[in-house]
1. Among the listed residues B:166, B:212, which satisfies the condition of being closer than 17 Å to residue B:37 by Cβ and away from chain A (no Cβ under 11 Å)?
2. Looking at segment B:144-151, can you tell me whether even one residue there is free of Cβ contacts under 8 Å to residues at least 60 places away in the same chain, away from every other protein chain (no Cβ under 14 Å) and part of a helix (DSSP H, G or I)?
3. Helices (runs of 4 or more DSSP H) wholly in segment A:304-415 with at least 1 residues that are of a type in the set (Val, Ile, Thr) and under 25 Å from residue A:269 (Cβ atoms) - which ones?
4. Do we have residue B:17 as closer than 17 Å to residue B:149 by Cβ, surrounded by fewer than 21 Cβ atoms within 10 Å (Cβ to Cβ) and out of contact with any Cys (no Cβ under 7 Å at 6 or more places or on another chain) here?
5. Here are some residues: A:144, A:108, A:148. Which one is outside any helix (DSSP H, G or I) and either of a type outside the set (Gly, Ala, Ser) or within 20 Å of the chain's Cα centre (by Cα) (or both)?
6. So, of the residues in segment A:320-345 that are small (Gly, Ala, Ser) and within 19 Å of the chain's Cα centre (by Cα), which turns out to be modelled with the lowest pLDDT?
7. Checking the conditions here, which among B:33, B:62, B:102, B:77 is in contact with a Ser or Thr (Cβ under 9 Å, 6 or more places away or on another chain), over 28 Å from residue B:184 (Cβ atoms) and in contact (Cβ under 8 Å) with a residue 24 or more places away in the chain?
8. Return a yes/no flag: does segment A:338-353 have any residue that is farther than 27 Å from residue A:398 by Cβ and not basic (Lys, Arg).
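The values are calculated or read from the model by the stated rules, or taken from the named source; none is laboratory data. Bear in mind that the values here come from a model prediction, so they are computed numbers and not experimental data. Methodologically, a virtual Cβ is constructed for each residue, glycine included, from the backbone with ideal geometry; neighbour enumeration extends over all protein chains shown.
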Amino acid sequence: MGLKSNLHNLKEKYKGTKMAPAFNAIHTFLYLPNETTHNGTHIKAADDLKRTMNIVIMALVPCLIFGIFNAGYQHYLALGEIEAANGFLGSSFWTMDNLIVGLWQVLPLVVVSYGVGLAVEFVFAVIKGHEVEEGYLVTGMLVPLIVPVDTPLWMLAVAVVFGVVIGKEVFGGTGMNILNPALTIRAFLFFAYPTWMSGDKVWVHGAKARDEAIAVAKEAGSSLEGLDAISGETILGSLAQNKGLLDHSVMDMFYGIIPGSVGETSTLLILLAGLFLIFTKIGSWRIMLSSAIGALVMGLIFNGVISSGLITESSKFYGLMSTEFWHHLLIGGFAFGTVFMATDPVTASQTNKGKWIYGFLVGFISIMIRVFNPAYPEGVMLAILLMNVFAPTIDHYVVQGNVKRRLKRLKVKTA
Amino acid sequence: MGLLSKKDAALIKDPLADNNPITIQVLGICSALAITAELEASIVMSISVLFVLGVGNVVISLMRNIIPSKIRIIVQLIVVATLVIIVDLVLKAFAYELSKTLSVFVGLIITNCIIMGRFEAFALGNGPWKSFLDGIGNSLGYAVILIIVGFFRELLGSGTLLGIPVLGDPIEKTGLYALGYENNGFMLLSPMALIVVGIIIWIQRTRNKDLVED
């Protein structure tokens, strides 16, 4: 008797009871449901919600693996124990030490995100008496990738409960949410615990602990030898303070060997994942392309303002405004947000024309918030959440416009 | 028989739960969002509204037969404005710091929908005693929600209650903070008040299905 029949027996045993959804969910997660439809015509397709989500998760796995290595790499680099990696296949990047530190930090984030999120989903399914919805599969993977590596686990757990309950379940569960749940979780963390979500101490594992160690040593009056402060500033944070690109080259930014949230640094891997999603027709190329265009347009406008001399170096916006317009695509979470979050089919616009408008505004507003609001260094989160709210409105006007145009055509014909 | 007849008691009891001005009638939301970051401010605001609404309802009820209906809103405004100015001056005189925290929101009691709503819906058509009870009942209903929201926002947002630290000292890292707990800054921002009020509405309607609108 294998696992499958055991699960099937459990499912049969609890059929019709309150706990049925929980057992059904475990069964159908691992195996294809064995129920068949009997009458009427049906469209048959292999890609149900679970398979769709699995493809997104497959696209996320390279980012996760890279993020694990990067967490370890940034940690050792900041400690000064290794040389900077040269290029994507740099020998000091893909090492066992980096992997171990990264796994030690990142794996708990993944476990907490999935554990807490799925627990909330199961509780709601049992209370509401419906099947467990698959919506959390992708969210659970996105969440650990968009938080700083040192995020305390209990904060993540609180944020996940908040995000899933207030962001999704109160609206009716998967498919009914207005806001992207993963970004709701990040926004909650960001506003609730700003000291853990921004600044120059949270992006590299150990920076905060080192600061505390220095404080303790100072208090005790002991020697500070070997206790240099670690600065793990992100490029965005540095630009916002007019400090330039630090020591990072453009190729570093593209490969992603820079400090940042766990899985969003590597533009290269995100680009590949984006192509994969477009190829499998899961992600919308319209949204991805138009966001990039929107960001570039906004970046160009800012570059134009700089070259026209309206803003001088003394301005606090100078650093980010003078950033070359295409660098904006490489730094911060822009690429990650555009590929994985703006394209969320539930919260994005549904119509093709709407997708163009929606995507363009996501890109445009991201860069605008990035430049004008240094208190919130990452604009893409707020831009996507804002456009999530407007997506149904955009769709409404696109559909109405279509109706009007066709009515006009009808009148011309009949006249 | 107690002090109040059954009908009179209902005037006090209903607004506390099944006809709550904030969670059911959805009035007076603005002040519930704005000043509930601290429990003390919530309590003072509740007392102010209790005074204004209790006295205002009686005054309007006494004048109800001589107010020409065409200008009744203006008359009501004058009554509220007078009472609010009294409250404002008393606060400034005896609780200056608090009055600064509440800032314009004391003045904005004038526009608190609960007050005009009760004048219009109740005091204009009922006697002074009933109007008084109605005013007290509604402001108590308002107070209950304000105090619940203020309690959670101050406890989770600042780790204090009425300004007294209850979860330990965040700087010295004592109590809960020694375990790594941190205050939730989001709780101090107004959107969280909206969410807390939403959760109260959610719980209330889950317990009493009659309140659910389609």
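1. After ruling out the rest, the residue left standing is B:166.
2. yes
3. Hits in segment A:304-415: A:352-372, A:379-414.
4. When the stated conditions are applied, residue B:17 passes them.
5. A:148
6. Filtering first and then ranking leaves A:332.
7. None of the other options fit; the residue is B:62.
8. No, because not a single residue in segment A:338-353 is farther than 27 Å from residue A:398 by Cβ and not basic (Lys, Arg).
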